[in-house]
Amino acid sequence: MRRPLILAALAAVLLVAVIAPAMADDFDFVAGMSPDLEVAHVNAPDAAGQAKFTVDGNVLSYEITVRGLTGSASMAHIHGPADRGVNAGISIWLCGTAALPGPAGTPTCSSTTDGVLVSGSVAVTTEQLAMIDAGLGYANVHTALHPAGEVRGQVRPPERPDSD
């Protein structure tokens, strides 16, 4: 009689172990960021990043991770509207620094060059969400060495990666 209970408990633990990580990776939009996606040539061969976004009503939550940056980030944004290979103005601030703080409430970028750069949330407009949903926004991380942007990637739904 105890054996079926033990097996059921083990099955439940296994199910949680399989489902929990999948739920942690549940996001609405993603941007794989690379120096190769910057419009002007960027010499940062080891730099890369990923931004993950979820939407709840008019709140955009996000986490940006980076690796191999040439230095600490000075700021990060979503720019747009713009197709890949086209520059646009800042649409949504994601993090700033003391020198470039962004609007009130903008989180501070961490000083890491490898790891989580920022995790936060911001209120967005219907127009900003429509821009992101249409694939016309790009995430961009700026550094002192590359003030126009060191790594960039189009923000797209996970099932529609930036492959063009």
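Is at least one residue of the stretch 138-160 touching a Ser or Thr at 6+ places or on another chain (Cβ under 8 Å), surrounded by 20 or more Cβ atoms within 10 Å (Cβ to Cβ) and of a type in the set (Ser, Thr, Tyr)?
Checked the stretch 138-160: at least one residue is touching a Ser or Thr at 6+ places or on another chain (Cβ under 8 Å), surrounded by 20 or more Cβ atoms within 10 Å (Cβ to Cβ) and of a type in the set (Ser, Thr, Tyr).
Could you list, in sequence order, all residues of the stretch 37-52 that are assigned to a loop (DSSP other than H, G, I, E, B), farther than 19 Å from VAL86 by Cα and either touching a residue at least 60 places away in the same chain (Cβ under 8 Å) or in contact with a Phe, Trp or Tyr (Cβ under 9 Å, 6 or more places away or on another chain) (or both)?
Answer for the stretch 37-52, where residues must be assigned to a loop (DSSP other than H, G, I, E, B), farther than 19 Å from VAL86 by Cα and either touching a residue at least 60 places away in the same chain (Cβ under 8 Å) or in contact with a Phe, Trp or Tyr (Cβ under 9 Å, 6 or more places away or on another chain) (or both): ALA44, ALA47.
Scan the stretch 61-81 and tell me whether some residue there is over 13 Å from THR143 (Cβ atoms) and more than 18 Å from the chain's Cα centre (by Cα).
The answer is no; no qualifying residue exists.
Would the stretch 96-119 turn up any residue that is out of contact with any Leu (no Cβ under 7 Å at 6 or more places or on another chain) and within 16 Å of PHE29 (Cβ to Cβ)?
Scanning the stretch 96-119 turns up at least one residue that is out of contact with any Leu (no Cβ under 7 Å at 6 or more places or on another chain) and within 16 Å of PHE29 (Cβ to Cβ).
Computed from the coordinates by the stated procedures, all read-outs in this text should not be read as laboratory data. Just so it is clear, the model here is predicted, and its values are computed rather than measured. Neighbour counts run over all protein chains shown; Cβ positions are idealised from the backbone, glycine included.
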